[in-house]
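Student: Shown below is the structure under consideration.
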Amino acid sequence: MLDALVAHGIVPDLIVGCSIGAINGAAFATQPDGAGVERLRRYWLDAGNAGMLDTAISDRVRAVFGRRSHLFNTDQLGTAIAALLEAETFAELRVPFQCVAASIEHAAEHWFDRGPLLPALLASCAIPVLFPAVAVDGEHFYDGGLVNSIPIDRAVQLGATTVYVLQVGRVEAPLQAPHRLHQAGLVAFELARRHRFETFRRGLPEHLDLHLLPSGNRLAMDDRRQLQWRKFDETEVLIERARSASYEYLQALPRGDQTLAKGAR
């Protein structure tokens with residue numbers, strides 16, 4: 001998707017991100033051009049060999065039998081993210097960037113926009129059960145997707161007039177009643193996520209130009225493979241599908257809608 005935007009000369013004035021989108025957003029904010037896109041592409045193609053989600057079997061056993069609250073530590077993930085970033089703080093980024101996480105103590109969304117990048121990114125993608133809550137300044141955080149997985153409203157609050165949504169390909173897929181256990185969890189999460197998204201979209205400000213970029217993801221929303229978050233063998237195919245689908249979408253836009261001098265993407 002980023003490749004398609006860059007190919008059409010669309011450069012963001014602001015980036016807001018959540019979970020894995022926070023990682024990608026911060027990385028692109030350090031180098032918002034074709035070279036930055038290629039760096040990200042290479043990063044995810046190599047992710048399967050990076051060991052970012054490896055952990056000892058004994059640690060997983062302790063988690064299952066109640067000694068831990070999570071299956072994986074964030075040590076390897078943090079090392080991998082740090083290797084991707086070319087900045088250590090928000091202030092060093094070339095494009096203003098913010099990411100969201102869910103505050104446990106306040107039961108609310110929390111936006112990071114200053115200070116060290118790495119703790120903020122780890123907080124934004126700390127999926128419950130998989131990872132521990134991330135502590136930042138005495139407060140504990142889980143994945144931002146729990147509170148605002150498609151943060152269009154934040155972009156609007158910050159002055160966006162044009163928003164390009166880069167999402168993982170489930171928003172446009174139809175939902176069906178679950179028939180298996182794994183489907184129930186996916187459908188429940190999607191119901192909550194889409195309700196917030198659609199509620200906001202129905203009340204969009206008149207001035208906002210919103211583009212939900214297609215991902216080209218052909219998996220059904222309740223497909224078991226949606227849960228295989230550690231499998232990277234189809235990464236290149238998914239990247240190409242997203243690039244192609246988004247390129248075609250942008251190509252079909254009226255000429256004046258492709259590049260606007262002001263807004264957030």
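Student: Would you tally the residues in the range 112-122 being of a type outside the set (A, V, I, L, M, F, W, C), assigned to a helix (DSSP H, G or I) and in contact with a helix residue (DSSP H, G or I) (Cβ under 7 Å, 6 or more places away or on another chain)?
Tutor: We begin by selecting, within the range 112-122, every residue of a type outside the set (A, V, I, L, M, F, W, C); these are 113-116, 119.
Filter once more, keeping what is assigned to a helix (DSSP H, G or I): 119.
Restricting the remaining residues to those that are in contact with a helix residue (DSSP H, G or I) (Cβ under 7 Å, 6 or more places away or on another chain) gives none.
Final tally of qualifying residues: 0.
Student: Looking only at the range 240-255, decide whether some residue is touching a helix residue (DSSP H, G or I) at 6+ places or on another chain (Cβ under 6 Å), modelled with pLDDT of 90 or more and either hydroxyl-bearing (Ser, Thr, Tyr) or in a loop (DSSP other than H, G, I, E, B) (or both).
Tutor: yes
Student: Here is a further query. Does any residue of the range 146-165 turn out to be touching a His at 6+ places or on another chain (Cβ under 8 Å), farther than 25 Å from Tyr249 by Cα and among the aliphatic types (A, V, I, L, M)?
Tutor: Checked against the condition, which is being touching a His at 6+ places or on another chain (Cβ under 8 Å), farther than 25 Å from Tyr249 by Cα and among the aliphatic types (A, V, I, L, M), the range 146-165 yields no hits at all.
Student: Quickly run through the range 133-146 and pick out the residues that are crowded, with 16+ Cβ neighbours inside 10 Å and at pLDDT 95 or above.
Tutor: Ala133, Val134, Val136, His140, Phe141, Tyr142, Asp143, Gly144
Student: Here is a follow-up. (1) without any contact (Cβ under 8 Å) to a residue 60 or more places away in the chain; (2) within 17 Å of the chain's Cα centre (by Cα); (3) surrounded by 18 or more Cβ atoms within 10 Å (Cβ to Cβ): which one isn't true of Gln183, the others all being true?
Tutor: Just one mismatch for Gln183, condition (2).
Student: For the range 77-114, enumerate the residues that are modelled with pLDDT of 95 or more, exposed (fewer than 14 other Cβ atoms within 10 Å of the Cβ) and of a type outside the set (Asp, Glu).
Tutor: Hits for the range 77-114 are Thr89, Ala91, His106, Ala107, Ala108, Arg114.
Student: So how many residues does the range 84-111 have that are without any contact (Cβ under 8 Å) to a residue 24 or more places away in the chain and either farther than 14 Å from Tyr142 by Cβ or outside any loop (DSSP other than H, G, I, E, B) (or both)?
Tutor: 1
Student: Sticking with this one: Report, ordered by the first and then the second residue, all pairs with beta carbons closer than 6 Å, sequence separation of six or more or different chains, a first member in the range 26-49 that is under 14 Å from Leu166 (Cβ atoms) and in a loop (DSSP other than H, G, I, E, B), and a second member that is β-branched (Val, Ile, Thr) and modelled with pLDDT under 95.
Tutor: Listed by first residue and then by second, the contacts come to Pro32/Val11.
Student: Based on this model, can you work out whether Glu139 counts as within 30 Å of Leu250 (Cβ to Cβ) and of a type outside the set (Phe, Trp, Tyr)?
Tutor: no
Student: Among the residues of the range 123-165, which ones are in contact with a Ser or Thr (Cβ under 8 Å, 6 or more places away or on another chain), under 16 Å from Ile15 (Cβ atoms) and outside any loop (DSSP other than H, G, I, E, B)?
Tutor: Across the range 123-165, the qualifying residues are Ser124, Gly144.
The values are calculated or read from the model by the stated rules, or taken from the named source; none is laboratory data. Fair warning: this is a prediction, and the values are worked out from it, not measured in the lab. Neighbour counts run over all protein chains shown; Cβ positions are idealised from the backbone, glycine included.
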